[in-house]
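Nothing in this text is a laboratory measurement; each read-out follows from the coordinates by a stated rule. None of the values given here were measured: they were computed from a predicted structure. Methodologically, a virtual Cβ is constructed for each residue, glycine included, from the backbone with ideal geometry; neighbour enumeration extends over all protein chains shown.
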Amino acid sequence: MAVKLKTPEQIERIRAAGRLVNDVLDHLAEMVRPGVTTEELDAEAERMTVRAGGQCLFKGVPGKGGPFPGAICASINEQVVHGIPGPRRIREGDIVSIDFGAKLEGWCGDAARTFMVGQVPPAVRRLVEATADALAIVVDMARPGLRWSDLAGAMQGCIEAEGFSVVREFVGHGIGAEMHEDPKLPNFVSRELLANDIVLVEGMVLAVEPMVNMGGSAVECAPDGWTVFAKDGRASAHFEHTLAVTAGGVDVLTDGRKR
């Protein structure tokens with residue numbers, strides 16, 4: 001594992017990319033409503049990114065289903081992640097997880113949110129809130145010298161206390177000049193993590209992204225080669241921020257602040 005620590009100047013450049021990601025997600029939040037298609041959301045995300053002089057990180061990424069065709073990943077209800085934007089229309093009561101990444105002047109930002117469309121069942125609302133809470137735990141707790149297993153355990157405990165399951169096939173990651181860098185950041189504690197634990201160091205920049213299923217943790221991939229869904233067909237939620245580890249804790253780089 002070769003973690004690339006970032007200088008304060010590099011962190012500010014990642015923040016600029018993160019602001020673009022935040023602006024896109026804020027705008028898509030206003031668009032998410034019944035009748036809108038995920039390809040309409042995708043087109044708007046790409047338009048905003050190109051206009052800002054950026055690149056959409058996900059578009060063209062190679063995979064089993066061929067190059068990813070979208071600027072965003074749009075995953076609805078039981079879809080966990082990597083949903084391909086298309087003609088599907090959002091409906092009242094859906095939850096829509098949008099993952100978006102952008103590169104701006106050579107540096108990357110990555111974030112995700114799950115949106116509730118109108119009235120959703122109380123248990124689904126709890127799922128979305130618990131997933132957001134798990135990410136907030138890392139923002140609140142993380143600091144130099146802390147082991148990642150402590151944070152992963154806190155996220156896992158928050159989620160499982162609500163009766164939900166942490167997805168294990170997909171984890172967070174380092175980020176910087178490339179979308180995916182070391183280290184890999186599971187949202188749960190395992191023997192492998194405890195044997196190869198990660199100690200947080202000032203200058204790390206991390207994309208932390210809990211993915212949580214209402215039912216079991218098992219997932220499957222759709223025939224399109226990209227869309228991952230909960231095997232039991234129950235709802236799934238996803239939140240993500242790009243975070244910089246600082247002397248005093250963490251700095252959220254995808255919350256829209258200038259500094």
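Annotations for the structure displayed:
- For the residue pairs K6/K258; K4/K103; K6/K184; K6/K64, the C-alpha atoms sit more than 22 angstrom apart in K6/K64.
- Each Lys or Arg adds one and each Asp or Glu takes one away; over the other residues whose Cβ falls under 12 Å from the Cβ of V138, this sums to -4.
- Estimated FRET transfer efficiency when R0 is 25 angstrom, pair D197-E129 (beta carbons, to 0.05): 0.30
- In sequence order, calculated HN-Hα J values of region 54-61 (Karplus, 6.51, -1.76, 1.60; Hz; x Gly/Pro): x, 10, 7, 5, 7, 5, x, 4
- When Rg and the Kirkwood radius Rh are both evaluated on Cα atoms of region 26-171, their ratio Rg/Rh stands at 0.99.
- Residue with peak Gaussian network fluctuation, the chain [Cα springs, cutoff 10 Å], from V61, V166, V32: V61
- Magnitude of the charge dipole, the chain, Cβ model with Lys/Arg +1 and Asp/Glu -1, debye to 20: 200 debye
- Integer Hz, Karplus 6.51/-1.76/1.60 couplings in order for region 229-240, x for Gly and Pro: 9, 5, 4, 8, x, 8, 5, 9, 10, 8, 10, 8
- When Cα extents along the principal axes in Å is calculated for this entry, the matching label among [x] 46, 43, 33; [y] 101, 37, 32; [z] 48, 42, 37 is [x].
- Segment T37-T7, extension gain: residue separation times 0.36 nm, minus the distance between their alpha carbons: 6.8 nm
- Förster-model FRET efficiency, 45 Å R0, V139 and Q119, C-beta, rounded to 0.05: 0.95
- Counted as membrane-span-like here are DSSP H helices of the chain whose alpha-carbon atoms extend 27 Å or more along the helix's own axis and whose Kyte-Doolittle mean is -0.5 or above; these are 8-31, 122-141.
- Helical mean residue ellipticity (222 nm; -39500 (n - 2.57) per DSSP H run of 4+; nearest 500) of the chain: -10000 deg cm²/dmol
- Placed amide H near A207: partners under 5 Å, 5+ positions off or other chain: H173, G174, I175, L243
- Formal net charge of residues neighbouring A16 (Cβ-Cβ distance under 12 Å; K, R +1; D, E -1): +3
- Across the chain, the mean sequence separation of Cα contacts (distance under 8 Å, 6 or more residues apart), normalised by length, yields a relative contact order of 25 percent.
- Backbone N atoms of region 100-122 closer than 18 Å to the 7 Å Cα→Cβ label point of H180 belong to residues 100-103, 108-112.
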